[in-house]
Each structure stands twice: as structure tokens, then as C-alpha cells.
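Written out below as C-alpha cells is the structure these notes cover.
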Amino acid sequence: MVGGRRVRWAAAVALWVVGALTAQAAFLYSINVDTDELVLLNTDTGAVQVVGPTGYDMRDVDLAYLNGVLYGINNNFGHPAHLFAINPETGAAFAYVPIRLGVDIITNAKGLAAHNGKLVASFDTPDTQGDPLKCNGLGELWPPNGFLTNVFDYSLLSPSADMEGLGTRADGQLFSIDNIPKGGARLYKVGRNLPSYSYFADVPAMDDIEFTGNRLFGLENGRGLYELNPDTGTLIKPEATFPIVRLSGLAIPEPATALLLLAGALARRR
């Protein structure tokens, strides 16, 4: 009985610590595409900490955690887009494979997110007429082979659909960020089982989004990190600017890693 009480007490303390630390700061993984390194961003201070080299030429990246594994896609328009896994402790990328839809190798893929226990990715559907630069297709992306399945062309719902980045809110709602011609960007709610594409909010120009608990961050052209209201999309503040580095992709660390990072940040404040 005493052992059971201790377990319950430890669990309660752990939940309290996680909540308290999350209120202090959030950490996000990103890729420095100038140095091809995995980095950690402290959204509270704007500090950028190098984790290590990926070992690949990184161009246009998005990141996502799924089942304890950090995944990414690397896009170099006109050349095969690749799915890869990455060691979050060293930064080394591995299982680097081209993304395929049937017999076609995809040459334009940008958004990546974990959604309903699967990876989903946005890409330019090969058979869609119109602008080849637009990532209007969305499908399930399967490691380690890089195959896309369960694909839907969202240009059938919105001809201007261009999913630059993807993110999943805590309630399971999938979002995309679409840049618009005159500057700025738009957030859209994306439906999967019953395909839908509905306007959510106008936001500053950004290339990727990431939900971290009850917070939402957006990365602007690799130089700035905004915080947005996850329920309305309204801008809270430009959280940090990175005048020296050029970043691509955002992903929140898995809970155990995030807890250690946040505990370390809190200890350094004392």
C-alpha cells in the first residue's frame, strides 16, 4: 500500500513539475541549413544550442516526432525529396530515402507532422494541373521506405492550397500554414477522414508551425520565431530572431527529453 502511495505521489509530482516547467519555456528542434546541424531553440530566451551535424546537405526541412523517433523531410525542389530519421542526441541523420507515390519519386515535399499516430506529409501531386510549386497533396508517409499512401489532392477543395508546413494541435486538429502572394500567411484547418480545408487565421509570413502543449510557434523564413494563440491564431509576440543562423523545420522534443531540457533551463535561472 505504501509503495502504491509513493507511485501515485511521484506521478503527481512529475505532472506538477512538467506543468510548471512548460509554463517557463518550451524547447524546439530545428535544422540550421547553413551548417546542416540539428539545433535546439529555447523559445523563452531565443538561445540556439547546436546538437550536432546531420551528415547531409539540408535545404528545406520539416521535422516531426512520432513514437519516440524524430523524423524529417528534406526538400530540394527539382530533385528527389527525402524522408529521414535523426538521432536527437547527436544530430546524425539516417534511413535517408526518397519519398515515393507509387512509381513516382516526389520532387517537392514540404510539410511534415504526426497526426493520429502516423506521419503525414504535404507534397506536389504529380497529376495535378497548375502550379507545380504548390504542395497541395497530403498523404500518410511511411518510414523506413518513404512511401506515400491514403493521398488526397486538396486543390480540389481550394485551388490555392499550398501546405508549406503542418502541425497538430493538442486536440488532434491538423493545421497547415500557406504563404500568400502579397506577404503574410494563412492558417487552415485540414480534415483527413472527411477531407476539408477551412480558413482559420491570417498570420505573418512563416514556413512552419509547431504546437507545444497549449502553445503555438511559427518559424518565419528561418530568421524569426513567432508565438501565436493556438485557439485563434492571433499573434502574441515575435518570440525571438536569429540574425546569424538560417533555420528550417520545427519539432517539439519527446516528453522525457523535454523534461530534462526544461529542468536544466530552470536550474540555470537559479
Q: Mind listing just one residue for me: the one in the range 152-187 that is surrounded by fewer than 15 Cβ atoms within 10 Å (Cβ to Cβ) and aliphatic (A, V, I, L, M) and, of those, nearest to the chain's Cα centre (by Cα)?
A: Ala170
Q) Which residues, taken from the range 44-79, are over 22 Å from Asn116 (Cα atoms), of a type in the set (Val, Ile, Thr) and surrounded by fewer than 24 Cβ atoms within 10 Å (Cβ to Cβ)? A) Thr45, Val48, Val50, Val51
(Q) Tally up the residues in the range 153-190 that are within 16 Å of Cys135 (Cα to Cα) and small (Gly, Ala, Ser), please. (A) 8
Q) Would you say Ala85 is modelled with pLDDT of 95 or more, of a type in the set (A, V, I, L, M) and either more than 25 Å from Glu220 (Cα to Cα) or in contact with a helix residue (DSSP H, G or I) (Cβ under 8 Å, 6 or more places away or on another chain) (or both)? A) no
Q | Flag for Asn193 being farther than 28 Å from Asp231 by Cβ, loosely packed, with under 15 Cβ neighbours inside 10 Å and not hydroxyl-bearing (Ser, Thr, Tyr) | A | no
Q: Restricting attention to the range 208-236, report how many residues are surrounded by 15 or more Cβ atoms within 10 Å (Cβ to Cβ) and either in a strand (DSSP E or B) or aliphatic (A, V, I, L, M) (or both).
A: 17
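Which of the residues belonging to the range 23-82 are over 22 Å from Arg215 (Cβ atoms) and in a strand (DSSP E or B)?
Passing the criteria: Asn32, Glu37, Val50, Gly52, Pro53, Asp60, Val69, Ile73, Asn74, Asn75, His82.
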Q. If you go through the range 165-197, how many residues are small (Gly, Ala, Ser), closer than 19 Å to Phe152 by Cβ and in contact with a strand residue (DSSP E or B) (Cβ under 6 Å, 6 or more places away or on another chain)?
A. 3
Q) Which of the residues spanning the range 82-100 are farther than 11 Å from Gly72 by Cα, among the hydrophobic types (A, V, I, L, M, F, W, C) and touching a Ser or Thr at 6+ places or on another chain (Cβ under 8 Å)? A) Ala92
Q. Quick one: which of Ala205, Ala240, Ala201 is at pLDDT below 90 and either in a strand (DSSP E or B) or within 30 Å of Val103 (Cβ to Cβ) (or both)?
A. Ala240
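The values are calculated or read from the model by the stated rules, or taken from the named source; none is laboratory data. This is a predicted model, so every value here is computed, not measured. Note that each Cβ is placed from the backbone with ideal geometry, even for glycine, and that neighbours are counted across all protein chains shown.
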